[in-house]
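Here's the structure, in structure tokens; my notes come after.
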Amino acid sequence: MADTDGFRNDWATKDFYQVLGVAKDASAAEIKTAYRKLARANHPDSNPGDDKLHEKFKAVAEAYDVVGDEAKRAKYDEFRSLQARGGFGPGMGGGGGGGFGGGGFNIDDLLRERGGAGGLGDMFGDIFGGGGGQRPRTQQARPRRGADVESTATIGFTDALDGVTVSLRLTSDTACATCQGTGGKPGTRPHICPECEGAGFIVAGTGGAFSINETCPACGGRQLVYDEACPTCHGSGRGTSARSIQARIPAGVKDGARIRLKGKGAPGEQGGPAGDLFVTVKVTPHRVFGRKGDNLTLDVPVSFDEAALGGEVKIPTLGGAPVTLKLPAGTPNGRTFRVRGKGATRRDGSKGDLLATIEVQVPATLDQTAREALEAYRAATAGKPLRAGLFDG
Ligand SMILES: [Zn+2]
Ligand SMILES: [Zn+2]
């Protein structure tokens, strides 16, 4: 890069675009036109003896020598841009665009470069020296475990007893795909956050011996800021991703249970392990059966005469053949009968019981025959002091 030697130390202070009176993003043709016009107007031949115009002519020629040359202009732009942002990072040497790819960028390197003893001269060396290859980055981003993800699954009563595989659609916060989470417009370069000077936090106040740190509001703790925000996430760096996974809900899960599925959360970054998925299970109630731990419950309506005289009552089981309850004579309302082995399947494969609770029903209406029968029953049982105990003492 010998041809640029003479200019290096000037670039920091010279705005060649301003000298030529063009915009920074002016096209090559615009620059050429501007140069020709200024060169003609300030040419020493047309203005003999005018030193001021002569100086101007030299400045115009110098400016055009750089920004009129595509390669030199690119280097000049890069240098000016880095200078303006106050950050001189590694890996910028001539390797073309994309020096900062997502997690590959390292704040430590940037801070070290900035605060190090190198000074401007060394930075020039970084930018223009070498063969244009990128220096190896000594510190890549560390592997990070993926985030845990929460989800809910609503399953049927029977599925909860037997276990079921459900398909879950998960949306999770991930790094924005456009900017890889940096929040900056792709192709633009970050500079150290001026608010927190790269710390990522600010001292919000002091309480006695303690100082209270808060995440820096300017950079959100990322330590770097971009002049142009990512058009996709508007600078937040966050995006969402949706995916479907199959999750096995084990047999015997209870309503409201929170199941942890290891490694089914958000994928890790830089080779880190995936996070976990937590599924909160909602179990839809059954029309007739209830659940009490490993046991199923069932309310069994019986008539007064069935309870009083005893009898056989057929009741359903879940997923099996009906069974017959033998009610002894004089079965009280609310008595619970245990039908062994007709409950929920336990983890070890054994089964809980079915708890059938008697609910004596009172007929809402009576036909003539039933009424006469009950009146006869009343006459037969008159004089039994049913409520005498309420008045004792
Ligand atoms: Zn900050
Ligand atoms: Zn983005």
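The values are calculated or read from the model by the stated rules, or taken from the named source; none is laboratory data. As the structure is a computational prediction, the values presented were derived from the model and not from experiment. Note that each Cβ is placed from the backbone with ideal geometry, even for glycine, and that neighbours are counted across all protein chains shown.
So which residues in region 352-375 are more than 25 Å from I315 (Cβ to Cβ) and surrounded by 10 or more Cβ atoms within 10 Å (Cβ to Cβ), if there are any at all?
L366, R371, E372, A373, L374, E375
For G252, are the conditions met, namely being on the phi > 0 side of the Ramachandran plot and buried (at least 17 other Cβ atoms within 10 Å of the Cβ)?
On the way: on the phi > 0 side of the Ramachandran plot: yes; buried (at least 17 other Cβ atoms within 10 Å of the Cβ): yes.
For G252, the condition - on the phi > 0 side of the Ramachandran plot and buried (at least 17 other Cβ atoms within 10 Å of the Cβ) - is met.
Residues that are away from ligand 1 (no atom under 16 Å from the Cβ), on the phi > 0 side of the Ramachandran plot and at pLDDT 90 or above: does region 262-271 have at least one?
Just the residues of region 262-271 that are away from ligand 1 (no atom under 16 Å from the Cβ), to begin with: 262-271.
Among the residues that remain, those that are also on the phi > 0 side of the Ramachandran plot are: 263, 270-271.
With at pLDDT 90 or above added as a condition, the list becomes none.
Scanning region 262-271, I find no residue that is away from ligand 1 (no atom under 16 Å from the Cβ), on the phi > 0 side of the Ramachandran plot and at pLDDT 90 or above, so the answer is no.
From the set of residues in region 237-249 that are surrounded by 14 or more Cβ atoms within 10 Å (Cβ to Cβ) and of a type in the set (V, I, T), which is farthest from Y226 (Cα to Cα)?
This residue is I249.
Taking region 13-62 as the region of interest, how many residues are of a type in the set (A, V, I, L, M) and in a loop (DSSP other than H, G, I, E, B)?
Looking only at region 13-62, we keep the residues that are of a type in the set (A, V, I, L, M), and these are 19-20, 22-23, 26, 28-29, 31, 34, 38-39, 41, 53, 59-61.
Of the ones still in play, those that are also in a loop (DSSP other than H, G, I, E, B) are 22-23, 26.
Within region 13-62, residues that are of a type in the set (A, V, I, L, M) and in a loop (DSSP other than H, G, I, E, B) number 3.
Go through region 320-354 and give me each residue that's β-branched (V, I, T) and not in a strand (DSSP E or B). Even if it seems obvious, please write down each step before you answer.
Restricting attention to region 320-354, the residues satisfying the condition of being β-branched (V, I, T) are 323-324, 331, 336, 339, 345.
Listed by number, the list holds a single entry, T331.
Report whether or not R85 is closer than 30 Å to Y226 by Cβ and either of a type in the set (D, E) or modelled with pLDDT of 70 or more (or both).
Numbers: closer than 30 Å to Y226 by Cβ: yes; either of a type in the set (D, E) or modelled with pLDDT of 70 or more (or both): no.
Considered against the rule, which asks whether it is closer than 30 Å to Y226 by Cβ and either of a type in the set (D, E) or modelled with pLDDT of 70 or more (or both), R85 comes out as no.
Going residue by residue through region 295-304, is there one that turns out to be surrounded by 11 or more Cβ atoms within 10 Å (Cβ to Cβ), outside any helix (DSSP H, G or I), at negative phi and hydroxyl-bearing (S, T, Y)? Show your work before the answer.
Initial filter on region 295-304 (surrounded by 11 or more Cβ atoms within 10 Å (Cβ to Cβ)): 295-300, 302-304.
Still in the list and also outside any helix (DSSP H, G or I): 295-300, 302-303.
Subset that is at negative phi: 295-300, 302-303.
Applying the additional criterion that residues be hydroxyl-bearing (S, T, Y) yields 297, 303.
Yes, region 295-304 has at least one match.
Please list, ordered by residue number, the strands (runs of 3 or more DSSP E) wholly in region 145-246 having 2 or more residues that are within 16 Å of ligand 2 (Cβ to nearest atom) and touching a strand residue (DSSP E or B) at 6+ places or on another chain (Cβ under 7 Å). Break it down stepwise before answering.
Details: elements: 149-155, 164-175, 201-207, 210-215.
Counting at least 2 such residues, we get 164-175.
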